[in-house]
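What follows is a short report on a single structure.
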């Protein structure tokens, strides 16, 4: 039978296969969810299951920002490692995490931050910090050395009652930036806030952190949406600031 007569007969089959693909993927996702839920009851709720670039290997995201890999039956998993594409040596796990953690700059509630400018302030950096966080104090020393940057500091009192009290004292100070930096860089205790001070911004910061899974401090955000947890090295901060500025 000539090819031109066979091809029209194949079209319904090809269409059926195209429709079947998503159904198969859904069934495999359901099987993975079921198997992992039954066999790993301590595993937090699974947020999503996606195909990885490797045939037969699925990316399972759980706990907001955690990733493991599973076979298509949920019988074997890879935990705590990175999936690396060897040709380019690209860490695919890190790339996925960066995409998941990204935060558009216009989503940040900048009105609830303390703001200070160094140099011409042309570059932007946002940081969520607890005043009793030792890593934050170390990171603040690096921030103080940055040039031509506007820094938005969100007080995030998550380490205990004293963090909440100290955050309120800092936020309510007449010059809260000066009081913040005096505490973080010189251990100068903030003056006590007036009882009438409106510190509702701190509650909004806590609510924002819960919504966007900001679970630790410092948490650092750049103008291009890049988000980095922890006291990242000063050279990386500079590199990411430059990259964000180049994308404007």
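Does residue 151 satisfy the criteria of being within 19 Å of residue 245 (Cβ to Cβ), assigned to a strand (DSSP E or B), at pLDDT 95 or above and outside the structural domain of residue 60 (by TED's automatic domain parsing)?
On the way: within 19 Å of residue 245 (Cβ to Cβ): yes; assigned to a strand (DSSP E or B): yes; at pLDDT 95 or above: yes; outside the structural domain of residue 60 (by TED's automatic domain parsing): yes.
For residue 151, the condition - within 19 Å of residue 245 (Cβ to Cβ), assigned to a strand (DSSP E or B), at pLDDT 95 or above and outside the structural domain of residue 60 (by TED's automatic domain parsing) - is met.
Looking only at residues in segment 62-83 that are in contact with a helix residue (DSSP H, G or I) (Cβ under 7 Å, 6 or more places away or on another chain) and part of a strand (DSSP E or B), which one is modelled with the lowest pLDDT?
67
What's the total number of residues in segment 85-112 that are surrounded by 12 or more Cβ atoms within 10 Å (Cβ to Cβ) and in a loop (DSSP other than H, G, I, E, B)?
4
Taking segment 71-84 on its own, how many of its residues are under 26 Å from residue 229 (Cα atoms) and either loosely packed, with under 13 Cβ neighbours inside 10 Å or over 20 Å from the mean Cα position of the chain (by Cα) (or both)?
Start the filter on segment 71-84 by keeping residues that are under 26 Å from residue 229 (Cα atoms), which leaves 77-84.
Pick out the ones that are also either loosely packed, with under 13 Cβ neighbours inside 10 Å or over 20 Å from the mean Cα position of the chain (by Cα) (or both) and you get 77-81, 84.
So the count comes out to 6.
Just one of 215, 176 is surrounded by 17 or more Cβ atoms within 10 Å (Cβ to Cβ) and in contact with a strand residue (DSSP E or B) (Cβ under 9 Å, 6 or more places away or on another chain); which is it?
Testing whether each residue is surrounded by 17 or more Cβ atoms within 10 Å (Cβ to Cβ) and in contact with a strand residue (DSSP E or B) (Cβ under 9 Å, 6 or more places away or on another chain) leaves just 176.
Does residue 134 qualify as being loosely packed, with under 13 Cβ neighbours inside 10 Å, at pLDDT 95 or above and over 27 Å from residue 211 (Cα atoms)? Let's see the steps before the verdict.
On the way: loosely packed, with under 13 Cβ neighbours inside 10 Å: yes; at pLDDT 95 or above: yes; over 27 Å from residue 211 (Cα atoms): no.
Answer is no for this residue.
Can you confirm whether segment 12-34 contains a residue that is under 25 Å from the mean Cα position of the chain (by Cα), modelled with pLDDT of 90 or more and assigned to a loop (DSSP other than H, G, I, E, B)?
Scanning segment 12-34, I find no residue that is under 25 Å from the mean Cα position of the chain (by Cα), modelled with pLDDT of 90 or more and assigned to a loop (DSSP other than H, G, I, E, B), so the answer is no.
Whether any residue in segment 112-126 is farther than 17 Å from residue 149 by Cα and either under 21 Å from the mean Cα position of the chain (by Cα) or touching a residue at least 24 places away in the same chain (Cβ under 8 Å) (or both) is what I want to check. Please lay out each step first, then the result.
First pass over segment 112-126, keeping only residues farther than 17 Å from residue 149 by Cα: 112.
Then keep just the ones that are either under 21 Å from the mean Cα position of the chain (by Cα) or touching a residue at least 24 places away in the same chain (Cβ under 8 Å) (or both); that gives 112.
Scanning segment 112-126 turns up at least one residue that is farther than 17 Å from residue 149 by Cα and either under 21 Å from the mean Cα position of the chain (by Cα) or touching a residue at least 24 places away in the same chain (Cβ under 8 Å) (or both).
Test of understanding: among 115, 143, which residue is at pLDDT 95 or above, in contact with a strand residue (DSSP E or B) (Cβ under 7 Å, 6 or more places away or on another chain) and part of a helix (DSSP H, G or I)?
On the way: 115 fails: part of a helix (DSSP H, G or I).
Result of the check over 115, 143: 143.
Residue by residue through segment 118-131, note down the ones that are farther than 25 Å from residue 208 by Cα and part of a strand (DSSP E or B).
Scanning segment 118-131 gives a single hit, 118.
How many residues does segment 218-236 hold that are out of contact with any strand residue (DSSP E or B) (no Cβ under 7 Å at 6 or more places or on another chain) and crowded, with 16+ Cβ neighbours inside 10 Å? Break it down into steps so the answer makes sense when it comes.
Residues of segment 218-236 that are out of contact with any strand residue (DSSP E or B) (no Cβ under 7 Å at 6 or more places or on another chain), as a first pass: 224-226, 230-231, 233-236.
Then drop every residue that is not crowded, with 16+ Cβ neighbours inside 10 Å, which leaves 224-226, 231.
Total meeting the criteria: 4.
In segment 27-45, what count of residues is obtained for those that are without any contact (Cβ under 8 Å) to a residue 40 or more places away in the chain and either within 15 Å of residue 71 (Cβ to Cβ) or not assigned by TED's automatic domain parsing to the domain that holds residue 71 (or both)? Quick ask: steps written out before the conclusion?
The initial filter retains those residues of segment 27-45 that are without any contact (Cβ under 8 Å) to a residue 40 or more places away in the chain, namely 27, 29-30, 37-45.
Narrowing further to those that are either within 15 Å of residue 71 (Cβ to Cβ) or not assigned by TED's automatic domain parsing to the domain that holds residue 71 (or both): 27, 29-30, 39-40.
The number of residues fulfilling the criteria is 5.
May I ask you to verify whether residue 165 is part of a loop (DSSP other than H, G, I, E, B) and over 25 Å from residue 107 (Cβ atoms)? Break it down into steps so the answer makes sense when it comes.
Values: part of a loop (DSSP other than H, G, I, E, B): no; over 25 Å from residue 107 (Cβ atoms): yes.
So residue 165 does not fit the description; no.
The values are calculated or read from the model by the stated rules, or taken from the named source; none is laboratory data. Please read all numbers here as calculations on a predicted model, not as lab measurements. Using ideal geometry, Cβ is built from the backbone for each residue, glycine included, and neighbour counts are taken over all protein chains shown.
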